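The values are calculated or read from the model by the stated rules, or taken from the named source; none is laboratory data. This structure is a prediction, so every number in the text was calculated from the model and none was measured. Virtual Cβ from ideal backbone geometry, glycine too; neighbours counted across all protein chains shown. Heavy atoms of the whole protein, side chains included, go into the accessibility calculation; ligands, DNA and RNA do not. Shrake-Rupley method; radii C 1.70, N 1.55, O 1.52, S 1.80 Å.
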Amino acid sequence: MHTALLQSSGRPGDVAHNLRVLDDAARAAAANGAGLLAAPEMFLTGYAIGDDVPKLAEPADGDSADAIAEIATGHGLAVAYGYPERDGETVYNSVQLISADGTRLANYRKTHLFGCFERDHFTPGDRPVVQAELAGLRVGLMICYDVEFPENVRAHALAGTDLLLVPTAQMHPFQFVAESLVPVRAFENQMYVAYVNRTGPEGEFEFVGLSTLAGPDGVARARAGRGEELVSADVDPAFLAASRENNPYLRDRRPGLYASLV
């Protein structure tokens with residue numbers, strides 16, 4: 001499945017504008033043969049929006065979800081996007097995956113909140129593994145800081161995730177996560193990892209770009225620079241199966257030794 005990563009911060013606070021950016025990216029990705037487009041963490045509203053988080057938060061089946069379903073069906077590809085999710089009085093930092101026929105396949109709430117900003121505005125989720133079937137692949141969802149916890153990604157590996165989508169808001173000076181950690185996570189867990197970032201200054205943050213699609217061999221199939229960019233690469237089930245056959249990491253685990261981890 002050809003997979004496209006939209007590296008963009010859109011326009012913080014302007015949902016209508018960001019939907020147009022997503023529509024344009026979906027059109028370009030589909031023209032390049034992509035079956036999936038992934039956008040960054042909090043792409044719908046912007047990340048550094050302060051007290052506007054609760055004002056702009058929407059339910060998983062809200063108006064913007066309907067609009068993105070129309071984008072997906074209009075261009076014939078699945079779309080994953082980050083947004084602030086409202087569930088009653090509670091707000092989560094979430095990512096939703098919508099199929100090419102407009103079906104809401106999966107919704108994940110960030111489990112590990114980073115820094116005072118996130119802890120002040122969001123409630124952490126409590127489901128570490130959320131998956132959906134897409135084009136013959138088992139697709140898992142995670143957000144930014146979550147991927148930095150090896151237990152999180154290993155849980156996905158043990159649950160059979162083939163492609164882990166990680167919308168992120170990775171900021172300076174932590175670019176080593178995109179450069180080094182993400183390819184290692186893909187290798188040690190024998191999966192593809194798509195890490196799609198924001199870019200440029202936003203409020204007090206400086207997002208570093210460097211969006212990456214890493215394969216199970218630890219090699220980046222696509223890597224963006226520091227600016228606005230749409231990059232893409234293939235997620236190959238045959239290569240993944242061969243890599244899993246040849247790499248013994250998961251087979252050689254000794255879970256009985258790891259009780260102290262929990």
Please list 176, 187 in order of solvent-accessible area, largest first, computed with a 1.4 Å probe with all protein chains present. 176, 187
How many angstrom lie between the C-alpha centres of the stretch 207-231 and the stretch 26-94? 20 Å
How much of the accessible area of the stretch 30-134, probe 1.4 Å, is carbon plus sulfur, in whole percent? 45 percent
Starting from the eigenvalues of the Cα gyration tensor, five times each then square-rooted, give me the equivalent ellipsoid semi-axes of the stretch 152-243, largest first, whole Å. 25, 13, 10
Would you work out the charge dipole size for the stretch 83-235 about its Cα centre, treating the Cβ of every Lys and Arg as +1 and the Cβ of every Asp and Glu as -1, and quote it to the nearest 20 debye? 220 debye
Please list 3J(HN,Hα) in residue order for the stretch 211-226, calculated via the Karplus relation 6.51 cos²θ - 1.76 cosθ + 1.60 where θ = phi - 60°; whole Hz, with x for glycine and proline. 3, 9, 10, 9, x, x, 8, x, 9, 6, 7, 8, 8, 7, x, 9
At 1.4 Å probe radius, can you tell me the per residue accessible area of the stretch 24-180 in Å²? 37 Å²
Rg to Rh ratio, the stretch 66-125, alpha-carbon atoms and Kirkwood radius? 1.08
In the chain, taking the dipole from +1 charges on Lys and Arg beta carbons and -1 charges on Asp and Glu beta carbons about the Cα centre, the listed residue (122, 243, 161) farthest towards the positive end is 243
One checks the Cα atoms of the chain and finds Rg and Dmax, in Å, of 17.1, 52
Rounded to a whole number, what % of the accessible area of the stretch 203-262 do carbon and sulfur atoms account for, probe 1.4 Å? 52 percent
Mean residue ellipticity (222 nm) of the chain, computed from DSSP H runs ≥ 4 via -39,500 (n - 2.57), nearest 500: -7500 deg cm²/dmol
Karplus-derived 3J(HN,Hα) from phi for the stretch 230-244 (6.51 cos²θ - 1.76 cosθ + 1.60, θ = phi - 60°), whole Hz, x at Gly and Pro, runs 10, 10, 8, 6, 8, 9, 10, x, 5, 5, 4, 4, 5, 5, 5
Can you give me the Rg/Rh ratio for the stretch 25-176, using Cα atoms for both radii and the Kirkwood formula for Rh? 0.95
With no solvent and one point per C-alpha, what does the Debye sum give as log10 I(q)/I(0) for the stretch 93-169 at q = 0.13, 0.19, 0.24, 0.26 Å⁻¹? -0.38, -0.77, -1.12, -1.25
The stretch 31-107, Kirkwood Rh and Cα Rg, ratio Rg/Rh at 0.99
Would you grab the residues whose amide H sits under 5 Å from the one on residue 43? Only those 5+ places off in sequence or on another chain, please, with H modelled 1.01 Å from N. 82, 83
